[in-house]
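Presented below is the structure to which this report refers.
The values are calculated or read from the model by the stated rules, or taken from the named source; none is laboratory data. If you're wondering where the values come from, they're calculated on a predicted model, not measured in any experiment. No Cβ is skipped: glycine too gets one built from the backbone with ideal geometry, and neighbour counts run over all protein chains shown. Accessible surface areas use protein heavy atoms only, side chains included; no ligands, DNA or RNA. Shrake-Rupley method; radii C 1.70, N 1.55, O 1.52, S 1.80 Å.
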Amino acid sequence: MSRKHPVIAVTGSSGAGTTTVKRAFENIFRREGIKAAVVEGDSLHSLDRMAFRAAAAEAAKAGNHSFSHFGPEANSFDKIEEMFKNYGESGMCKRRYYVHSDIEAADHNKHFNLTDLKAGVFTPWEDIESGTDLLFYEGLHGLAKSEKYDAGQYVDLGIGVVPVVNLEWIQKIHRDKAERGYSAEATVDTILRRMPDYIKYITPQFSRTHINFQRVATVDTSNPFIARDIPTPDESFVVIRFRDPKGVDFPYMLNMIPNSFMSRANTLVTPGGKMSHAMEIILAPIMHDMIQNKKKQ
């Protein structure tokens, strides 16, 4: 861990709401004048789209129906650990991007002076920009740990975003249908295939994070596979758990976040519609202190 070159990792599975946290950090970075080197978790998969499909098909032929993007076979845990370690030591590391769409492909081709990048592949590795204040990772494995690697040991601030599991499934089913055209049945197959790796590699990260944001619906989500719509933020609460409550100004937060309350000594509960507001109230002082400590080094 590094006070001079801090590493922030926001971790959560696809559809969990990590994008909301990313936007909150972006607002804080802009207000505080913080220059962040941003790393997308997808860029640290070890297989591009076609290679993953081929590997999954081969695994299925061999009787392995649990091959997924959540496990170490499809991810470069070593590169995540190396990236965080190098940045913490020197303020520099290498980064690449995963190309999600044809629009992104056009942008990356222009940036790298290439013509052959397309959706589903990785860009070349490059050095991050110099003079950044911190490294910001958002993706699946920010605090991942396997038998050989432990990326979380180099993370200065770990944020977990994890809805209750039925709500997470509802969000994934609806997102996959809207953005990718998948049927509910296809998404359920994906959920089942990912479950062993989810339990082994995703869930344990939320015991290593410093702060967790967990959205809990206040409507019936008992059968997520037939839900017609995603519960709205106003139909939810956000349970915010602090691993170490020492020094946390809970009275200030309770005063600044309307209708919030404490459910435990280390747990703040806020209305779902105030999630973004709560994130900024909680994270802004942490960012301020982090940059001040950096300047003292």
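Return a yes/no flag: does the stretch 105-121 have any residue that is open to solvent by 40 Å² or more (accessible area, probe 1.4 Å), closer than 30 Å to Arg180 by Cα, in a helix (DSSP H, G or I) and among the basic types (Lys, Arg).
Checking the stretch 105-121: at least one residue is open to solvent by 40 Å² or more (accessible area, probe 1.4 Å), closer than 30 Å to Arg180 by Cα, in a helix (DSSP H, G or I) and among the basic types (Lys, Arg).
In this structure, is Ile34 buried (at least 18 other Cβ atoms within 10 Å of the Cβ), more than 19 Å from His141 (Cα to Cα) and in contact with a His (Cβ under 9 Å, 6 or more places away or on another chain)?
Answer is no for this residue.
May I ask you to list the residues in the stretch 90-115 that are under 30 Å from Tyr149 (Cα atoms) and either free of Cβ contacts under 8 Å to residues at least 12 places away in the same chain or touching a helix residue (DSSP H, G or I) at 6+ places or on another chain (Cβ under 9 Å) (or both)?
Met92, Cys93, Lys94, Arg95, Arg96, Tyr97, Tyr98, Val99, His100 - these are the residues of the stretch 90-115 that are under 30 Å from Tyr149 (Cα atoms) and either free of Cβ contacts under 8 Å to residues at least 12 places away in the same chain or touching a helix residue (DSSP H, G or I) at 6+ places or on another chain (Cβ under 9 Å) (or both).
What single numbered condition from (1) over 19 Å from the mean Cα position of the chain (by Cα); (2) under 17 Å from Ile159 (Cβ atoms); (3) among the polar types (S, T, N, Q) fails to hold for Ser276?
Going through the list (1) over 19 Å from the mean Cα position of the chain (by Cα); (2) under 17 Å from Ile159 (Cβ atoms); (3) among the polar types (S, T, N, Q), Ser276 breaks only (1).
In the list Ser130, Ser183, which residue meets the criterion of being closer than 22 Å to Glu81 by Cα, out of contact with any strand residue (DSSP E or B) (no Cβ under 8 Å at 6 or more places or on another chain) and among the hydroxyl-bearing types (Ser, Thr, Tyr)?
Answer to the selection: Ser130.
I'm checking my understanding of the structure. Among residues of the stretch 53-92 that are at negative phi, assigned to a loop (DSSP other than H, G, I, E, B) and over 19 Å from the mean Cα position of the chain (by Cα), which one is modelled with the lowest pLDDT?
His65
Consider only pairs whose beta carbons are under 6 Å apart and that are at least six residues apart or on different chains; among these, list those whose first residue lies in the stretch 153-175 and is in a helix (DSSP H, G or I) and whose second residue is open to solvent by 30 Å² or more (accessible area, probe 1.4 Å).
Short answer, once both residue conditions are applied: Tyr154/Lys85; Ile170/Ala227; Ile170/Ile230; Gln171/Ile230; Ile173/Ala184; His174/Ile230.
Across the stretch 187-201, what is the number of residues that are closer than 16 Å to Ala144 by Cα, without any contact (Cβ under 8 Å) to a residue 60 or more places away in the chain and surrounded by 15 or more Cβ atoms within 10 Å (Cβ to Cβ)?
0
Give the number of residues within the stretch 12-39 that are under 22 Å from His69 (Cα atoms) and in contact with a strand residue (DSSP E or B) (Cβ under 6 Å, 6 or more places away or on another chain).
Selection size over the stretch 12-39: 8.
How many residues are free of Cβ contacts under 8 Å to residues at least 24 places away in the same chain and open to solvent by less than 40 Å² (accessible area, probe 1.4 Å) when one looks only at the stretch 249-272?
Number of matching residues: 2.
As an exercise: evaluate Ser46 against (1) touching a residue at least 40 places away in the same chain (Cβ under 8 Å); (2) open to solvent by 40 Å² or more (accessible area, probe 1.4 Å); (3) in contact with a strand residue (DSSP E or B) (Cβ under 8 Å, 6 or more places away or on another chain) and give the number of the one condition it does not meet.
(1)
Please state which of the following conditions Pro163 fails to meet, knowing it meets all the rest: (1) within 19 Å of Glu40 (Cα to Cα); (2) touching a strand residue (DSSP E or B) at 6+ places or on another chain (Cβ under 8 Å).
For Pro163, the failing item is (1).
Restricting the stretch 93-104 to residues that are in a strand (DSSP E or B) and crowded, with 19+ Cβ neighbours inside 10 Å, which is farthest from the chain's Cα centre (by Cα)?
Arg95
Within the stretch 208-248, which residues are hydroxyl-bearing (Ser, Thr, Tyr) and surrounded by 11 or more Cβ atoms within 10 Å (Cβ to Cβ)?
Hits for the stretch 208-248 are Thr209, Thr218, Thr221, Thr232, Ser236.
Inside the stretch 57-89, can you point out the residues that are touching a residue at least 40 places away in the same chain (Cβ under 8 Å), hydrophobic (A, V, I, L, M, F, W, C) and farther than 15 Å from Ile8 by Cα?
Phe67, Phe70, Phe77 - these are the residues of the stretch 57-89 that are touching a residue at least 40 places away in the same chain (Cβ under 8 Å), hydrophobic (A, V, I, L, M, F, W, C) and farther than 15 Å from Ile8 by Cα.
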